[in-house]
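The values are calculated or read from the model by the stated rules, or taken from the named source; none is laboratory data. What you see is a predicted model; the values in this text were computed from it and never measured. We place every Cβ from the backbone using ideal geometry, glycine too, and count neighbours over all the protein chains shown. Protein only, heavy atoms only, side chains kept; ligands, DNA and RNA dropped before computing areas. Shrake-Rupley method; radii C 1.70, N 1.55, O 1.52, S 1.80 Å.
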Amino acid sequence: MNKDWLKIMDEKIQSWLQIARKNALESVNKDLKVDTKTSRKDLVTNVDKDNEQFLVRKIRENDPNSKILGEEGFGDKFNSMEGHVWIIDPIDGTMNFVKERNYFAIMVSLYVDGKGVLGYILDVVNNDLYHGIFGKVYRNNELLNKPDDIHLDYGLMGMSAPLLIENAYNMQTIAKQSEGVRIYGSAGIQLISVIKGELVGYISHLKPWDIAAGRVMCESLGLTVTTIDGNKLDMVSSETVLVATKIAHKEILDLVK
């Protein structure tokens, strides 16, 4: 992998994310158009679509032979992670974006032959950018240390509300074993908290664009990212995902049913 090219792309992606952020903040109070996709709880806005089209266009200009997977469908259709694969979530936490005007993110990642190379989660409201490159993770320009490898019962656990309510995979027992549960409504915002060591882990049913960027950073920081039953993720399909410290990951797998 050409490190000089990655450095150039890193700078460009950070600038693209700022443009997408500006579009989101300017549109949220004046030009927001909201539609539903699969249900009344599955929202999409003109900002989701505009941001994804913008990011797809920029990627095609700079990496024309790559494949792109985007939440809103403006990328490509494929079943293989061979070559350069970009994965985009133009607004992660769209319900939060529409209802709360807070707790939402923009996420971009690059995988090369299935390996995560670049990962970006932008906390839009706070303008905090978490990004991974060359096996290191940064908050804006500050290098982050690995989170402490703590047990489940010493940490807060991030969870999906539907999985917890339905007690899927014995989630309520896992929740009770932890020190408490946090539900933010955005995979990106939850993953930021895991990256920072505020949460010991996170469990949710995720699409590729929900987990791709966070996976790059989590694995760089020594966290374990698998399916809920401990298997390797398939980055082109939906999975119930478990992200946790190494110790907590093992403990959670023992509780999963």
- Item | Solvent-accessible surface ranking, highest first, for TYR120, TYR103 at 1.4 angstrom | TYR103, TYR120
- For the chain, set up a Gaussian network in which alpha carbons nearer than 10 Å are linked by springs, and say which option among LEU199, LEU152, LEU164 fluctuates the most. LEU164
- Query: Whole-Hz Karplus ³J(HN,Hα) for segment 139-150, in order, using 6.51 cos²θ - 1.76 cosθ + 1.60 and θ = phi - 60°, x for Gly and Pro?
  - Reply: 9, 6, 9, 9, 5, 9, 8, 5, x, 5, 7, 9
- Please give every one of the lysines within straight-line cross-link reach of LYS12, meaning a C-alpha to C-alpha distance under 20 Å, and leave out same-chain neighbours fewer than 8 residues apart. LYS3, LYS22, LYS58, LYS67, LYS136
- Heavy-atom accessible area with a 1.4 angstrom probe orders GLU52, GLU71, GLU179, most exposed first, as GLU179, GLU71, GLU52
- Query: Given +1 on the Cβ of Lys and Arg, -1 on the Cβ of Asp and Glu, and no further charges, what dipole in debye does the chain carry about its Cα centre, rounded to the nearest 20?
  - Reply: 260
- Message: Just to be sure I understand, if you calculate volume of the Cα convex hull per residue in Å³ for this structure, which of (i) 146; (ii) 130; (iii) 117 do you get?
- Response: (iii)
- Message: Net charge around LEU223, counting only other residues with Cβ within less than 10 Å of its Cβ (Lys, Arg = +1; Asp, Glu = -1)?
- Response: +1
- Pick from ASP35, ASP210, ASP76: which is most flexible by mean-square fluctuation in a GNM of the chain where alpha carbon atoms under 10 Å apart are linked? ASP35
- Item | Nearest 10 degrees, 0 to 90: helix 208-220 Cα axis against the chain principal axis | 70
- Message: Given a 10 angstrom Cα cut-off, can you work out which residue in PRO90, PRO208, PRO162 is the most mobile in a GNM of the chain?
- Response: PRO162
- Message: I want the local charge near MET107. Using Cβ-Cβ distances under 10 Å, sum +1 for each Lys or Arg and -1 for each Asp or Glu among the other residues.
- Response: -4
